[in-house]
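These notes are about the structure you will find just below.
The values are calculated or read from the model by the stated rules, or taken from the named source; none is laboratory data. Because the structure is a prediction, the values reported are computed rather than measured. Cβ placement follows ideal geometry from the backbone for every residue including glycine, while neighbour counts extend to all protein chains displayed. In case anyone asks, the SASA skips ligands and DNA or RNA and just uses the protein heavy atoms, side chains included. Shrake-Rupley method; radii C 1.70, N 1.55, O 1.52, S 1.80 Å.
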Amino acid sequence: MALDGVFTRFLANELNQALTGARVSQIHQPNKDELVIALRTNDGGRKLLVSARANSPRVNFTQKAPENPASPPMLCMLLRKKLCGSKVIGVRQPGLERIVLIEFDGVNELGDHVKYTLACELMGRYSNVIFLDGEENVIDALKRVDASMTSGRIVLPGMRYELPPAQNKLSVLDHDSREIVERIISENDKLGRAVLNSVLGISPIISREIEYRITSGTAVYSDMLTPRSRTSLEYYIEKLVKNVRELVGAPYCIYDENGKPKDMSFTDISQYGTLYTVKQAESFSQLLESFYSERDRAERMRAKSQDLLRLLTNASERTARKINTQKAELEKCADREHLRICGDLIQANLFRIEKGAPFADLENFYDETGALLRVALDPSKSPSQNAQRYYKEYRKAKTAEHVLKEQIEQARLDLEYLDNVFDALSRAESERELAEIRSELAQTGYIKSSGKGKGKEPKPLPPFEFSADGYRVLVGRNNRQNDELTLKKASKNDIWLHVKDIPGSHTILVTNGEKPSDETIIKAARIAAYHSKARESSQVPVDYTLVKNVSKPQGARPGTVIFKDNRTVYVKPGTDSDE
């Protein structure tokens, strides 16, 4: 990932310009890896997200501050005590380290001004946020590191803060382009790797870009460059040194063929040709927010919904095993006609069968050839009793078949319902949505109700709302909200949409009594497809019909409906919002 030392330099400079002079109004710690600092700036209130997650370390402004726990952690309480009301006096980066130092002017218990520093270390699985005093001693950290955890740098309260060990590379801040080029050539490796191993603070995408611009993608070793290629290398390294020192750069995001963010850079990227798309972002902070926000949301919700995931997984596996067992029993019932035939043949030959015989070979009048059928008998029973035994087994198998078919169908509906809950859980974005899913599962008997005295349920969130050609499009967040939206809130002439035979949300195109165009319906269908299990697919079938054609079977699970007079369109998932 390209959050390298140079990218961090541009980010720190951007934050320094935006934050210097801002005052801290509140601090939150949503989880063990993140802090959210609310600040009052000249441009109004802003929220700064500081994340030490291993796969998405970052410092950037955010609009979507995550929900906070009811009881703030100890570090959060400490930071509130020390930093609330303090003023940001600067943001800087030591060298080209992937570290952002946010410095504050605070006041201690005696009313004296003191300096505090928040060291935001953005180093993959070694990421951390360390709170320092004016002497750069550790007050506390998001992740304490003691001697049992590492043989290197220890991070504990009271210890002196030290930078990570220096790498054996040349910094563009301290060395000129000539020294750097000589070091690259001496590496005796493929040019891209030689650049990466020689220059401090750049990521693989930058080293590959330099190689691509010099060799057009041809593999060349650094010590075998032609004079022309060496001149090109000197040019690009000199340009890199100048741009980094003078802070000349812009945030770029690289998107793959599916439109997903793949990488990012502080300079334009050409190495992917037409395979990937490169777009410039508004700011380095905004790039980080957009690049990581979806991944962070999914990871955050996954951590908070582990108990529900385990419950749903176990319930689904149990239901699937139950269906397989019942299907095996149903297969046995398929032979019930043989039991009836045996009973009829015994009944028709009572006078010929001797009591105590273990079997009888009887003419099968149900067979056109009249072949003999060997019928097993219970020697302890009379021929008449053997016939009744076969009839009893036949009736039992017939009843079992009817019951098993009903049970298999109910289990299939249960499995379908659980898939729908899985889908809603995978798209949940807040604690309130998780609480609604828990409440629904309690209502349907999958988990025990919390009972009285546990506090009121949180107020449900409203449905998602989008706009398609000026029409409102409403999307349910979970099964109970799907029922509410479709069966109570929607008008009978609104249009109901749902992905075909795939778990997803009920979607309502609010028509206000008008007849929307086919293009508008397709936009609404794309929104319905996006809020489903098929959101990553390229072509998704979506059924739609008038709300008056949708009904709920009596006793059906939440979110389960039947519909008629529907049509189907095939669309690519997307939001297509006008807003």
Point to revise | Condition met for residue 411 (under 18 Å from residue 481 (Cβ atoms), assigned to a helix (DSSP H, G or I) and not aromatic (Phe, Trp, Tyr)) | key: no
Point to revise | Only one of 129, 138 that is in a strand (DSSP E or B), in contact with a Pro (Cβ under 6 Å, 6 or more places away or on another chain) and either open to solvent by less than 60 Å² (accessible area, probe 1.4 Å) or under 30 Å from residue 202 (Cβ atoms) (or both) | key: 138
Review point. Looking at residue 341, is it farther than 30 Å from residue 403 by Cβ and among the β-branched types (Val, Ile, Thr)?
Key: no
Point to revise | Inter-residue pairs, beta-carbon under 7 Å, first at negative phi and in the range 214-237, second among the small types (Gly, Ala, Ser), 6+ apart | key: 214/229; 214/232; 215/229; 220/229; 222/194; 234/177; 237/177
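Would you please name the residue that is nearest to residue 343 (Cα to Cα), looking only at residues in the range 397-409 that are without any contact (Cβ under 8 Å) to a residue 40 or more places away in the chain and either open to solvent by less than 90 Å² (accessible area, probe 1.4 Å) or in contact with a His (Cβ under 6 Å, 6 or more places away or on another chain) (or both)? Please lay out each step first, then the result.
At the first step, the residues of the range 397-409 found to be without any contact (Cβ under 8 Å) to a residue 40 or more places away in the chain are 399, 402-403, 406, 409.
After this cut, where a residue has to be either open to solvent by less than 90 Å² (accessible area, probe 1.4 Å) or in contact with a His (Cβ under 6 Å, 6 or more places away or on another chain) (or both) as well, the list is 399, 403, 409.
Details: 399: 17, 403: 23, 409: 31 Å.
The extreme case among them is 399.
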Practice item. Check the range 111-118 and report whether any residue there is closer than 30 Å to residue 245 by Cα, touching an Asp or Glu at 6+ places or on another chain (Cβ under 7 Å) and part of a loop (DSSP other than H, G, I, E, B). Key: no
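How about the range 67-83: which of its residues are open to solvent by 50 Å² or more (accessible area, probe 1.4 Å) and part of a loop (DSSP other than H, G, I, E, B)? Even if it seems obvious, please write down each step before you answer.
Restricting attention to the range 67-83, the residues satisfying the condition of being open to solvent by 50 Å² or more (accessible area, probe 1.4 Å) are 67-71, 74, 77, 80-81.
Hits for the range 67-83 are 67, 68, 69, 70, 71.
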Review point. Quick one: is residue 394 touching a Cys at 6+ places or on another chain (Cβ under 7 Å), surrounded by 18 or more Cβ atoms within 10 Å (Cβ to Cβ) and within 17 Å of residue 343 (Cβ to Cβ)?
Key: no
Exercise for review: Determine which member of the set 528, 524, 556 is part of a loop (DSSP other than H, G, I, E, B), open to solvent by less than 50 Å² (accessible area, probe 1.4 Å) and small (Gly, Ala, Ser).
Suggested key: 556
Study note, to complete from the structure: In the set 139, 99, 180, 185, the lone residue that is in contact with a Phe, Trp or Tyr (Cβ under 6 Å, 6 or more places away or on another chain) and of a type outside the set (Ser, Thr, Tyr) is 139
Point to revise | Every residue from the range 142-173 that is without any contact (Cβ under 8 Å) to a residue 60 or more places away in the chain and of a type in the set (A, V, I, L, M, F, W, C) | key: 145, 147, 149, 154, 155, 156, 159, 166, 170
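Which one is farthest from residue 573 (Cα to Cα) among residues in the range 259-271 that are in contact (Cβ under 8 Å) with a residue 60 or more places away in the chain and open to solvent by 40 Å² or more (accessible area, probe 1.4 Å)? Quick ask: steps written out before the conclusion?
Of all residues in the range 259-271, those in contact (Cβ under 8 Å) with a residue 60 or more places away in the chain come to 263-267, 269-271.
The next check asks that each one be open to solvent by 40 Å² or more (accessible area, probe 1.4 Å); those that pass are 267, 270.
On the way: 267: 31, 270: 29 Å.
The extreme case among them is 267.
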Review point. Can we say residue 245 is surrounded by 15 or more Cβ atoms within 10 Å (Cβ to Cβ) and either of a type outside the set (Asp, Glu) or under 35 Å from the mean Cα position of the chain (by Cα) (or both)?
Key: no
Check your understanding: Taking the range 10-33 as the search range and keeping residues that are among the aliphatic types (A, V, I, L, M) and under 20 Å from residue 122 (Cβ atoms), which one is most open to solvent (accessible area, probe 1.4 Å)?
Key -> 18
Point to revise | Hits in the range 272-290 (condition: free of Cβ contacts under 8 Å to residues at least 40 places away in the same chain and not aliphatic (A, V, I, L, M)) | key: 272, 273, 274, 276, 277, 279, 280, 282, 290
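Give me a count of the residues in the range 48-66 that are crowded, with 17+ Cβ neighbours inside 10 Å and either among the charged types (D, E, K, R) or out of contact with any Gly (no Cβ under 9 Å at 6 or more places or on another chain) (or both).
Start the filter on the range 48-66 by keeping residues that are crowded, with 17+ Cβ neighbours inside 10 Å, which leaves 48-53, 56-62, 66.
Restricting the remaining residues to those that are either among the charged types (D, E, K, R) or out of contact with any Gly (no Cβ under 9 Å at 6 or more places or on another chain) (or both) gives 48-53, 56, 58-62, 66.
Adding up the residues that qualify gives 13.
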**Study point:** Scope the range 263-304; condition of a type in the set (A, V, I, L, M), modelled with pLDDT of 90 or more and within 23 Å of residue 63 (Cα to Cα); matching residues
**Key:** 264, 281, 287, 288
Review point. In this structure, does residue 201 turn out to be buried (at least 22 other Cβ atoms within 10 Å of the Cβ) and in contact (Cβ under 8 Å) with a residue 60 or more places away in the chain?
Key: yes
Practice item. Out of 416, 436, report the one residue that is under 14 Å from residue 315 (Cα atoms), part of a helix (DSSP H, G or I) and either touching an Asp or Glu at 6+ places or on another chain (Cβ under 9 Å) or modelled with pLDDT of 85 or more (or both). Key: 416
Review point. Is it the case that the range 287-298 has a residue that's farther than 30 Å from residue 420 by Cα and not charged (D, E, K, R)?
Key: yes
Review point. Looking at 229, 222, which is the one that is touching a Lys or Arg at 6+ places or on another chain (Cβ under 9 Å), among the polar types (S, T, N, Q) and either surrounded by 15 or more Cβ atoms within 10 Å (Cβ to Cβ) or over 30 Å from residue 538 (Cβ atoms) (or both)?
Key: 222
Practice item. Only residues in the range 24-44 that are more than 18 Å from residue 143 (Cα to Cα) and in contact (Cβ under 8 Å) with a residue 12 or more places away in the chain count as the first member; pair them with residues that are not in a strand (DSSP E or B) and not hydroxyl-bearing (Ser, Thr, Tyr), Cβ under 6 angstrom, at least 6 apart or cross-chain, and list the lot. Key: 24/83; 24/84; 39/22; 41/22
**Study point:** In the range 476-510, residue modelled with the lowest pLDDT [restricted to those that are surrounded by fewer than 24 Cβ atoms within 10 Å (Cβ to Cβ) and among the basic types (Lys, Arg)]
**Key:** 480
